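I have placed the structure first, in the form of structure tokens, so that the comments after it can refer back to it.
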Amino acid sequence: MVQRPTLDWHGRDVISIRDFSRAQIEDLLSHAQQIRPDSELLRGRVMASLFFEPSTRTQLSFATAMQRLGGEVIGFAGAEGSSLAKGESLQDTAKVVEKYADIIVMRHPLEGSARLVADTVSIPVINAGDGANQHPTQTLTDLFTIQRFHKRLDNLKIGLVGDLKYGRTVHSLALALSRFRQIALRLISPENLRMPPAILRELDGVVPYVETAELDLRDLDVVYVTRIQKERFPDIEEYEKVKGAYVIDLQACEQLQRDTILLHPLPRVDEITPDVDALPQAKYFEQTRNGVPVRMALLRLLLGA
Amino acid sequence: MNEELKVSKIKNGTVIDHITAGMAPIVLRILGITKGCSDTVIVAMNVKSHQIGLKDMVKVENRALAQETVKKIALVAPHATVNIIKDYKVAQKFKVELPSELIGIVRCPNRNCITNSSERVPSYFTVESKDPLALRCHYCEVLVDGASVDILL
């Protein structure tokens, strides 16, 4: 039996994790837990997948989610294929797509683009990444994964590791976790890639956190690793030095508890060595798989099916 | 000795009083008063004020303020009062007030924000805090504090 929505989701947009209350996060995760493939649920509905910049995982997982519920997918990947390349405004593109589709999923390199499209059209819009700003369905997937393994989203000790300055996934995750109780964050990063003050200000007084440059993974329920990007460093030597200090290898994993879960939004390059994949704590491929039920639940709820 | 500031009255126009000390030059820019302005403009800076310690003041002849201008002044001088002068008398007096939303008033400092692209969309900020001033871009969600506010002139 299909679970009925407990909150009003029909027709709303999903642009930023800031728009989500604790109750909404819990409601969505509960639906994601229940949802199963159903080729009738979204039959006849069309999802426009507007990827102005490419993305393997997010695009495929949204398409998979829609198809598993019987819906259809139209769209493009890369701005070259769109009328934007001919000089059409994003707002005009959105107004046109609105006439063809029931829901828009979009990724765009400019921050705020998804909010602009949501303000322009009357069908629901899901932000699948707007520049360095938000990627809410990644955060919901992260929370879903944590909840699946720990059976709770309160009372957790969570380590965020790597590039905490530019990594949007860690910003959104930290903000989402601030909706829950008894969360303690350990912010592990090189000095020049620390969590931005604007994010810390939102955590102040809500979530206790410590900042450290040491790769201390002891006594944590979740270790969330992000990639340190070479292009963020003016000096290549400095990058090599920092990169090596934040590689999660078998030795670093000796610090993990048996029930710690190791997450990564992927793609990884070399920040988690491949031999770690076999450890029971490594959950990043299950994390990416969890993106499908989360997106299935979201599509169904927003489309009011 | 009377320490009160004595400056000439204007016949018709606007007096902006209780401007945060040191901000009068920015208020003049907001008012669009530049070289070549032919109306009488009186500027006082760093004068004593019972209410805010030190203050600036600007008097401009033959000028009424648009609502947008008042919003811009509220961003740099939140305690300012506006006096509308008609025939040497105060015809109307009000305090500037920062609205909860600012559309087309402040430039987003994020160069990668959609409002700084070729897309035709005015900047849009919500006021998260008035004191200290904190604005959040409706689109890219960047938080801007008072010191970083870049008013569109």
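Where a number appears in this text, it was derived from the coordinates with a stated rule and is not lab data. Just so it is clear, the model here is predicted, and its values are computed rather than measured. Every residue, glycine as well, gets a Cβ built from its backbone with ideal geometry; the counts of neighbours run over all protein chains shown.
Remarks
- Over chain B, the alpha carbon radius of gyration divided by the compact-protein estimate 2.2 N^0.38 Å works out to 1.13.
- Around residue B:45: net Lys/Arg minus Asp/Glu count, Cβ-Cβ under 14 Å: +1
- The charge dipole of the range A:76-131, taken about the Cα centre with unit charges on the Cβ atoms of Lys, Arg (+1) and Asp, Glu (-1), comes to about 60 debye, rounded to the nearest 20.
- Among B:58, B:15, B:90, the largest mean-square fluctuation in a Gaussian network model of chain B (Cα springs under 10 Å) belongs to B:90.
- For chain A, a Gaussian network of Cα nodes joined below 10 Å ranks A:92, A:102, A:13 by mean-square fluctuation, and the top entry is A:92.
- Here the relative contact order of the range B:62-153, from alpha carbon pairs under 8 Å that lie six or more residues apart, stands at 22 percent.
- Set of aspartates and glutamates near residue B:95 by C-alpha distance (under 17 Å), chain-local residues within fewer than 8 positions excluded: B:17, B:56, B:68, B:131
- Pairs over the 20 Å Cα-Cα cut-off, from the set B:55/B:86; B:71/B:93; B:35/B:55; A:165/A:230; A:165/B:130; B:35/B:89: B:55/B:86; B:35/B:55; A:165/B:130; B:35/B:89.
- Here the protein assembly as shown carries DSSP beta bridges of which approximately 50% are antiparallel, counting only pairs with both residues inside.
- Rounded D (µm²/s) - chain A, Kirkwood Rh over Cα pairs, Stokes-Einstein at 25 °C, 0.890 mPa s: 123 µm²/s
- Diagonalising the gyration tensor over the Cα atoms of the range A:49-124 and scaling each eigenvalue by 5 before taking the square root yields semi-axes of 19, 15, 11 Å, largest first.
- Stretch gain in nm, segment residue B:47-residue B:64, where the contour uses 0.36 nm per residue and the Cα spacing is subtracted: 3.7 nm
- Between the range A:140-167 and the range A:170-240, the alpha-carbon centres lie 11 Å apart.
- When the Gaussian network model of chain A links Cα atoms closer than 10 Å, the mean-square fluctuations of A:278, A:174, A:79 top out at A:278.
- Candidates per GluC sites (Glu not before Pro) in the range A:235-275, loop by DSSP, up to 12 other Cβ within 10 Å: A:254
- Nearest-ten-degree value, helix B:67-76 long axis tilted from longest Cα axis of chain B: 90 degrees
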